[in-house]
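Asks: Just passing along the structure, written as structure tokens.
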Amino acid sequence: MPSSSAPVIVWFRDDLRVGDNPALVHATEAGRPIIALYVLDLISEFPRPLGTATRWWLHGSLESLRTSLLRVGIPLVLRCGPTIDVVRDLAEETGAEAVAWNRRYDPAAVALDNEVANAMHDLGVKVVTCAANLLFEPSDVTTKAGGSFRVFTPFWRAALQRGAPRVPLPLPSDRSNPLKVSGDELSEWTLRPAQSEWAHKLSRVWQPGEQGALERLSEFVDRRLNGYARARDRPDREGTSRLSPHLRFGEISPFQIWHAVRNRQGEDADRFRMELGWREFNHHIAFHHQDLHERNVQPRFDAFPWRENESSLQEWQEGRTGYPIVDAGMRQLRETGWMHNRVRMIAASFLVKHLLVDWREGERWFWNRLVDADPANNPANWQWAAGSGADAAPFFRIFNPIRQGELFDPEGSYVRRFVPELAGLPAPQIHSPWTVGEQRLKDAGVTLGKTYPHPVVDHKAAREMALDALKDLRNSSE
Ligand SMILES: Cc1cc2nc3c(=O)[nH]c(=O)nc-3n(C[C@H](O)[C@H](O)[C@H](O)COP(=O)(O)OP(=O)(O)OC[C@H]3O[C@@H](n4cnc5c(N)ncnc54)[C@H](O)[C@@H]3O)c2cc1C
């Protein structure tokens with residue numbers, strides 16, 4: 001029988017915050033000492049190893065969490081190793097009464113959490129799990145027949161019919177009874193590369209952690225929510241919230257965001273809430289589809305004739321496709337760890353439809369490079385772009401990268417910022433430099449094939465090839 005001084009372990013995962021944290025609140029209400037634990041597991045198959053950019057983010061996020069927890073008298077214990085062993089050892093070592101965590105929904109994460117729960121039951125340690133990171137539990141939003149949704153609009157309607165999301169929970173009260181428990185130093189984990197220009201650039205753009213998340217939210221609500229519905233599609237403007245990496249690591253909860261805009265009416269607020277709905281939908285899809293980053297949601301795509309195209313893949317990764325809007329996006333990703341949503345759609349479509357490269361290659365690249373790389377949002381959006389996902393863009397709808405650039409970066413300022421070698425070209429031709437006359441190119445200091453590449457493929461020819469590939473797929477599945 002555990003004594004009343006037996007601690008409760010709060011196991012932090014994708015919920016690196018102190019505010020609106022149900023597992024933490026539960027633990028504080030138990031009136032026992034609290035141990036806050038974060039496990040870095042580089043050995044087990046799940047979680048999928050973090051990419052370079054999310055490792056960078058995690059470092060800052062854990063630093064921030066440590067500070068926030070100390071303010072309420074709780075030390076953060078960092079331990080590295082296979083998750084089950086780490087949680088079991090800590091529970092045994094401290095004689096813990098319970099372990100509490102906020103639920104994850106990816107099938108691989110659910111399986112791991114179940115294993116940890118079983119290990120705790122074997123030890124006689126209580127397990128408490130809480131709903132914290134989605135507005136609606138995926139298992140609660142079902143079709144009339146009790147199944148899962150494959151289409152966004154009815155999913156979101158059914159979700160909203162479940163009632164308003166709960167109000168965010170208050171900060172826990174000060175504990176000031178820290179237990180002495182050994183752990184690793186964050187610096188030992190070397191999550192951030194030493195002396196890296198790339199890492200310095202990221203530090204200039206982002207402030208990982210709960211404080212940074214709350215500041216971004218209030219700045220967005222005060223200054224950018226008005227006009228969001230239109231500005232959100234413009235990569236040349238600061239029109240979106242940039243909350244995605246904060247949400248990815250749970251430094252802010254969707255409930256906090258929902259309630260910050262709950263009284264706002266009109267198309268801007270509706271559109272913003274709908275984007276949170278897409279996040280919910282993608283987690284719902286991930287909950288119901290094992291290995292979303294590897295398996296097509298629509299199995300007929302298993303027979304799609306993707307091409308092995310190493311050199312084109314590399315050109316795409318490096319932002320040297322010769323299509324300025326695609327290249328600007330890929331370079332924004334490299335420089336800042338983030339890419340505007342409209343440009344993610346264009347760049348993803350270009351890889352899978354113009355270059356016929358398997359969407360999994362693009363997903364892996366984004367996974368490694370995005371600070372918001374998310375186990376549900378990344379693969380679900382890639383499958384959306386490839387046409388293989390749930391409620392996906394049909395494969396035959398092929399973005400024209402020139403037209404997209406002209407529409408969404410009409411003055412060319414986004415391209416100028418990330419593809420500076422084209423800065424001297426006027427809009428709209430900046431989106432199709434090969435249409436610019438020789439003298440004009442010369443005046444702008446552009447030599448195609450030298451200072452900036454020729455297009456890797458011709459748009460019209462690539463479109464025809466993509467449609468032929470789709471025909472082959474249809475024929476093979478008939
Ligand atoms: C190929 C591709 C890959 C993507 N990979 C990721 C990823 O790994 N992680 C990620 O969080 N988003 C991903 N997205 C979705 C989207 O691009 C980002 O969520 C968005 O750009 C984040 O910017 P923001 O926070 O300013 O968005 P805002 O417009 O301010 O939206 C607010 C929040 O809503 C959610 N949201 C917005 N758009 C989408 C969307 N299309 N799908 C799901 N949720 C959305 C995000 O959580 C976002 O933070 C991807 C999109 C594409 C096309």
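Asks: May I ask you to list the residues in the range 184-199 that are over 23 Å from residue 11 (Cα atoms) and not in a helix (DSSP H, G or I)?
Replies: The initial filter retains those residues of the range 184-199 that are over 23 Å from residue 11 (Cα atoms), namely 193-199.
Listed by number, the residues that qualify are 193, 194, 195, 196.
Asks: Among (1) within 13 Å of the ligand (Cβ to nearest atom); (2) open to solvent by less than 10 Å² (accessible area, probe 1.4 Å), which single condition is residue 431 missing?
Replies: Of everything listed in (1) within 13 Å of the ligand (Cβ to nearest atom); (2) open to solvent by less than 10 Å² (accessible area, probe 1.4 Å), residue 431 misses just condition (1).
Asks: Would it be correct to say that residue 423 is within 10 Å of the ligand (Cβ to nearest atom) and touching a helix residue (DSSP H, G or I) at 6+ places or on another chain (Cβ under 8 Å)? Before you say what the answer is, go through the steps one by one.
Replies: Numbers: within 10 Å of the ligand (Cβ to nearest atom): no; touching a helix residue (DSSP H, G or I) at 6+ places or on another chain (Cβ under 8 Å): yes.
Considered against the rule, which asks whether it is within 10 Å of the ligand (Cβ to nearest atom) and touching a helix residue (DSSP H, G or I) at 6+ places or on another chain (Cβ under 8 Å), residue 423 comes out as no.
Asks: Moving on to the next point. Just to be sure I understand, how many residues within the range 211-250 are on the phi > 0 side of the Ramachandran plot and either of a type in the set (Asp, Glu) or open to solvent by less than 10 Å² (accessible area, probe 1.4 Å) (or both)?
Replies: Quick first cut of the range 211-250, residues on the phi > 0 side of the Ramachandran plot only: 227, 242, 250.
Now narrow it down to the ones that are either of a type in the set (Asp, Glu) or open to solvent by less than 10 Å² (accessible area, probe 1.4 Å) (or both): 250.
Selection size over the range 211-250: 1.
Asks: Give the range 26-74 a look and list any residue that's assigned to a helix (DSSP H, G or I) and in contact with a Pro (Cβ under 6 Å, 6 or more places away or on another chain), or say none. Before you say what the answer is, go through the steps one by one.
Replies: Pass one, the range 26-74, residues assigned to a helix (DSSP H, G or I): 26-29, 52-71.
Result: 28, 57, 60, 61.
Asks: Looking at the range 381-399, which of its residues are open to solvent by less than 50 Å² (accessible area, probe 1.4 Å) and among the polar types (S, T, N, Q)?
Replies: 383, 388
Asks: While we're on this one: Please indicate, with yes or no, whether at least one residue in the range 435-457 is within 11 Å of the ligand (Cβ to nearest atom), more than 20 Å from residue 332 (Cβ to Cβ), touching a helix residue (DSSP H, G or I) at 6+ places or on another chain (Cβ under 9 Å) and outside the structural domain of residue 51 (by TED's automatic domain parsing).
Replies: Residues of the range 435-457 that are within 11 Å of the ligand (Cβ to nearest atom), as a first pass: none.
No, the range 435-457 contains no residue that is within 11 Å of the ligand (Cβ to nearest atom), more than 20 Å from residue 332 (Cβ to Cβ), touching a helix residue (DSSP H, G or I) at 6+ places or on another chain (Cβ under 9 Å) and outside the structural domain of residue 51 (by TED's automatic domain parsing).
Asks: Identify the residue in the range 317-333 that is within 15 Å of the ligand (Cβ to nearest atom) and under 15 Å from residue 368 (Cα atoms) and, among all such residues, is surrounded by the most Cβ atoms within 10 Å (Cβ to Cβ).
Replies: Residue satisfying both the conditions and the ranking: 330.
Asks: Identify, from the list 293, 259, the residue that is surrounded by 17 or more Cβ atoms within 10 Å (Cβ to Cβ) and either touching a strand residue (DSSP E or B) at 6+ places or on another chain (Cβ under 7 Å) or at negative phi (or both). It would help to see each step written out before you state the result.
Replies: Working: 259 fails: surrounded by 17 or more Cβ atoms within 10 Å (Cβ to Cβ).
Exactly one residue qualifies, and that residue is 293.
Asks: Please go through the range 1-10 and pick out each residue that is surrounded by fewer than 24 Cβ atoms within 10 Å (Cβ to Cβ) and in contact with a strand residue (DSSP E or B) (Cβ under 6 Å, 6 or more places away or on another chain).
Replies: Taking the range 1-10 first, the residues surrounded by fewer than 24 Cβ atoms within 10 Å (Cβ to Cβ) are 1-7.
Result: 7, single match.
Asks: Moving on. Could you tell me whether the range 270-286 includes any residue that is away from the ligand (no atom under 15 Å from the Cβ) and within 29 Å of residue 407 (Cβ to Cβ)?
Replies: Pass one, the range 270-286, residues away from the ligand (no atom under 15 Å from the Cβ): none.
Within the range 270-286 (the criterion being away from the ligand (no atom under 15 Å from the Cβ) and within 29 Å of residue 407 (Cβ to Cβ)), the answer is no, since none of the residues qualifies.
Residue-by-condition table, conditions (1) more than 23 Å from the chain's Cα centre (by Cα); (2) not assigned by TED's automatic domain parsing to the domain that holds residue 381:
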| site | (1), (2) |
| --- | --- |
| 293 | no, yes |
| 305 | yes, no |
| 310 | yes, no |
| 314 | no, no |
| 318 | no, no |
| 326 | no, no |
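Asks: Let me confirm something: among 28, 83, which residue is open to solvent by less than 30 Å² (accessible area, probe 1.4 Å), farther than 19 Å from residue 208 by Cβ and under 26 Å from the mean Cα position of the chain (by Cα)?
Replies: On the way: 28 fails: under 26 Å from the mean Cα position of the chain (by Cα).
Among 28, 83, only 83 is open to solvent by less than 30 Å² (accessible area, probe 1.4 Å), farther than 19 Å from residue 208 by Cβ and under 26 Å from the mean Cα position of the chain (by Cα).
Asks: Would the range 160-172 turn up any residue that is open to solvent by 60 Å² or more (accessible area, probe 1.4 Å), touching a residue at least 12 places away in the same chain (Cβ under 8 Å) and farther than 26 Å from residue 273 by Cα?
Replies: no
Asks: Going by the structure shown, is residue 181 in a loop (DSSP other than H, G, I, E, B), open to solvent by 90 Å² or more (accessible area, probe 1.4 Å) and of a type in the set (Val, Ile, Thr)? Give the steps one after another, and end with the answer.
Replies: Details: in a loop (DSSP other than H, G, I, E, B): yes; open to solvent by 90 Å² or more (accessible area, probe 1.4 Å): no; of a type in the set (Val, Ile, Thr): yes.
For residue 181, the condition - in a loop (DSSP other than H, G, I, E, B), open to solvent by 90 Å² or more (accessible area, probe 1.4 Å) and of a type in the set (Val, Ile, Thr) - is not met.
Asks: While we're on this one: In the range 340-360, which residues are closer than 24 Å to residue 415 by Cβ and either more than 7 Å from the ligand (Cβ to nearest atom) or more than 17 Å from the chain's Cα centre (by Cα) (or both)?
Replies: 342, 343, 346, 347, 349, 350, 351, 352, 353, 354, 355, 357
Asks: Of the residues in the range 98-146, how many are open to solvent by 30 Å² or more (accessible area, probe 1.4 Å) and within 26 Å of residue 393 (Cβ to Cβ)?
Replies: Final tally of qualifying residues: 3.
The values are calculated or read from the model by the stated rules, or taken from the named source; none is laboratory data. This is a predicted model, so every value here is computed, not measured. Note that we place each Cβ from the backbone using ideal geometry, even for glycine, and neighbour counts take in every protein chain shown. Accessible surface is based on the protein model in full, side chains and every heavy atom, while ligands, DNA and RNA are left aside. Shrake-Rupley method; radii C 1.70, N 1.55, O 1.52, S 1.80 Å.
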